[in-house]
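The values are calculated or read from the model by the stated rules, or taken from the named source; none is laboratory data. These numbers come from a predicted model, not from an experiment. Cβ coordinates were reconstructed from backbone atoms using ideal geometry, including for glycine residues, and neighbour counts include every protein chain displayed. Just so you know, the surface numbers come from the protein's heavy atoms only, side chains and all, with ligands and any DNA or RNA stripped out. Shrake-Rupley method; radii C 1.70, N 1.55, O 1.52, S 1.80 Å.
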Amino acid sequence: TKYGSSHDENELHKTIRQFSEMATLQGDFFLCRKKSMEDVARWLIEIPLPAPEKFMLALSPINEGCQRSKNVLLRYVQKYVNGEVPGLHRTMRPKAATSFDHLTNLCNIYQEIDLFLWLHGKFPSNAVEQISALSMKQDTINFINDALHKADKLSLNHDY
């Protein structure tokens, strides 16, 4: 198959895979996160967006192995495509950490809010949601910093 020969809007993941194979064989190119890009493009097969917008989404700062990040991306895109206002999910509300598990969760929440803001920057929606996300991001940073300052007092659940 010729590289990039597919003109189907839903075949972006195949085009990325073809480019990856060509780049690997010739060794002339290095495209970081190519597996991540292919995975994200595959998630977007059923989303009615043009290929350039899907490609932009494939470049998103996402951990493709994290289901919560995938949910943030797909929820945002689906609401955007449907003409609805993408907002932050209630599970993304930060709270003060009382354990190292909670601190880890705060770091995950930070990553999810950051992804939401990246998506909002590429596919703008409601300014109120953006302001809310920025405020939550700052709250998350503060909670993380507070937890790090009192790390010696946080509980640690482990099995040795």
I want to check the label-to-label distance for Ile131 and Phe100. Put each point 7 Å from Cα in the C-beta direction and report it in nm to one decimal.
4.0
Quick check for me: using +1 on Lys/Arg Cβ and -1 on Asp/Glu Cβ, what's the dipole size of the stretch 39-119 about its Cα centre, in debye to the nearest 20?
220
Please give the solvent-accessible surface of Met56 in Å², to the nearest 10, using a probe radius of 1.4 Å with every protein chain present.
70
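Set the Förster distance to 22 Å, then compute FRET efficiency between Asp114 and Leu74 from the Cβ-Cβ distance, nearest 0.05.
For R0 = 22 Å, the calculated efficiency reads 0.85.
Carbon and sulfur together cover what percent of the accessible area of the stretch 35-160 at a 1.4 Å probe radius?
53
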How would you order 97-109, 122-134 from highest to lowest mean count of nearby Cβ atoms within 10 Å?
97-109, 122-134
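Calculated FRET efficiency, Glu46 and Val85, Cβ-Cβ r, R0 25 Å, to nearest 0.05?
0.75
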Can you give the net charge of the other residues whose Cβ lies under 13 Å from the Cβ of Ser69, counting K and R as +1 and D and E as -1?
-1
